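Colleague: Can you keep this structure in mind? I'll have questions shortly.
Derivation of every value follows stated rules applied to the coordinates shown; laboratory data play no part. Please read all numbers here as calculations on a predicted model, not as lab measurements. Note that we place each Cβ from the backbone using ideal geometry, even for glycine, and neighbour counts take in every protein chain shown.
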Amino acid sequence: QVQLVQSGAEVKKPGASVIVSCKTSGYTFTGYYLHWVRQAPGHGLEWLGWINPSSGSTIYAQNFEGRVTMTRDTSISTAYMELSSLRPDDTAVYFCARDIKVTTSFDFWGQGTLITVSS
Amino acid sequence: DIQMTQSPASLSASVGDRVTITCRASQSIRSSVNWYQQKPGNAPKLLIYAATNLHRGVPSRFSGSGSGTDFTLTISSLQPEDFASYYCQQSYSTPYPFGQGTKLEIK
């Protein structure tokens, strides 16, 4: 069965960087785009960008350009999202999600990773 | 960027009720709308994609309609497990924003 398993919660200081991993299984990793979405406590969902695991190409939301980097390691079917220059308002649960491919929508999600930014 | 305005922000209803949640796009997005359900502490779940298509495994009491700028999610007969938050999302062009969400509560 399809699974996306993310790395654990982290606490970071302002200005630091964080890398969240998303290990996939149960399907062909290079066959589906992966997206990253975040949700601040008590708030809605915000799309960060996507990566094409086959080519490594990426598209980032303009709000995060210059601070976010998405990469992948096809040998272990894992995607990564790095967010730099962290601010307290980056505190959120970060999700990876698989693109359904028929249209841009997300059919399988990771469990979420809480990133807390605090001095 | 295309904005998505979702309403209502919250809704109280009873088991068996028919409920409707709406989303309006700031410009035409054809049929490029998805709907998700999210329960506290969990990741969202895809309900409807491309405005009207029921994702596999989703009960048929959920349905979506609309095109252009106005879209609707309807739950025909609320079940206890349907009390959750619901989000629309446009998938016509990046940055694929979500609506603000609708929290569906038990009356």
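Colleague: Of A:THR91, A:THR104, B:THR20, how do they rank once you tally other Cβ atoms within 10 Å and put the fewest first?
Modeller: B:THR20, A:THR91, A:THR104
Colleague: Loop only per DSSP, at most 14 neighbouring Cβ atoms within 10 Å: give me the trypsin sites (Lys or Arg not before Pro) in the range A:19-119, ordered by residue number.
Modeller: Sites meeting the loop and neighbour criteria: A:LYS101.
Colleague: What does the charge count near A:PRO88 come to, summing +1 for each Lys or Arg and -1 for each Asp or Glu among other residues with Cβ under 11 Å from its Cβ?
Modeller: Charge balance near A:PRO88 sits at +1.
Colleague: Within the set A:LYS12/B:LYS45; A:LYS101/B:LYS45; A:LYS23/B:LYS39; B:LYS39/B:LYS107; B:LYS45/B:LYS107, which residue pairs have Cα atoms separated by over 21 Å?
Modeller: Exceeds cut-off: A:LYS12/B:LYS45; A:LYS23/B:LYS39; B:LYS45/B:LYS107.
Colleague: Further question on the same structure: Between the DSSP loop rule and a limit of at most 11 other Cβ atoms within 10 Å, which trypsin sites (Lys or Arg not before Pro) in the range B:37-83 are left?
Modeller: In loop regions of the range B:37-83 (DSSP not H, G, I, E or B), the sparsely surrounded trypsin sites (Lys or Arg not before Pro) are B:ARG56.
Colleague: Moving on to the next point. Once Lys and Arg get +1 and Asp and Glu get -1 on their Cβ, which of B:TYR92, B:TRP35, B:GLY57 lies farthest toward the positive end of the dipole of chain B?
Modeller: The one lying farthest along the dipole's positive direction is B:GLY57.
Colleague: Using bins 10 angstrom wide from zero, how does P(r) for chain A break down, in % of all Cα pairs?
Modeller: The percentages, shortest bin first, are 14, 50, 30, 6, 0.
Colleague: Additional query: For peptide B:92-104, what's the mean number of Cβ atoms from other chains within 10 Å of each residue's Cβ?
Modeller: 4
Colleague: Test of the criteria: in the range A:1-92, which chymotrypsin sites (Phe, Trp or Tyr not before Pro) are in a DSSP loop and have at most 15 other Cβ atoms within 10 angstrom of their Cβ?
Modeller: A:TYR27
Colleague: For the range B:4-82, what's the relative contact order in percent, using C-alpha pairs closer than 8 Å and at least 6 residues apart?
Modeller: Once divided by the residue count of the range B:4-82, the mean separation gives 35 percent.
Colleague: Label-point separation (nm) for A:ALA40 and A:ASP89, each offset 7 Å from Cα along Cα-to-Cβ?
Modeller: Here the modelled spin labels are 0.6 nm apart.
Colleague: Still on this structure, I have one more. Using a 10 Å cut-off on Cβ to Cβ distances, tally the other chain neighbours for every residue of A:32-44 and report the average as a whole number.
Modeller: Across the residues of A:32-44, the mean count of other-chain Cβ atoms within 10 Å is 2.
Colleague: Can you give the net charge of the other residues whose Cβ lies under 13 Å from the Cβ of A:HIS35, counting K and R as +1 and D and E as -1?
Modeller: Counting the neighbours of A:HIS35, the net charge comes to +1.
Colleague: Here's a follow-up. What full-extension length gain, to one decimal in nm, is calculated for B:VAL15 and B:SER76 as 0.36 nm per residue of separation minus the Cα-Cα distance?
Modeller: Here the segment from B:VAL15 to B:SER76 would lengthen by 20.9 nm.
Colleague: Here's something else I'd like to know. For the range A:1-67, just list the percent of Cα-Cα distances falling in each 5 Å bin from zero outward, please.
Modeller: 4, 12, 19, 25, 23, 11, 5, 1
Colleague: What is the dipole size for chain A, taken about its Cα centre, with +1 at each Lys and Arg Cβ and -1 at each Asp and Glu Cβ, in debye to the nearest 20?
Modeller: 120 debye
Colleague: At q = 0.08, 0.14, 0.17 Å⁻¹, what is the base-10 log of I(q)/I(0) for the protein assembly as shown according to the Debye formula with one equal point scatterer per Cα and no solvent? Please give it to two decimals.
Modeller: Computed log10 I(q)/I(0) values: -0.28, -0.87, -1.23.
Colleague: Sticking with this one: Check which residues have an amide H placed less than 5 Å from B:ARG30's amide H, if you skip close sequence neighbours.
Modeller: It is B:GLY68, by chain and number.
Colleague: With a sphere of radius 12 Å drawn around the Cβ of B:PRO97, what net charge do the other residues whose Cβ falls strictly inside it have (Lys, Arg +1; Asp, Glu -1)?
Modeller: Here the charged neighbours net out to -2.
Colleague: First obtain the Kirkwood hydrodynamic radius of the range B:1-106 from its Cα pairs, then insert it into the Stokes-Einstein equation at 37 °C and 0.692 mPa s, and state the resulting D in µm² per second as a whole number.
Modeller: Rounded, D is 243 µm²/s.
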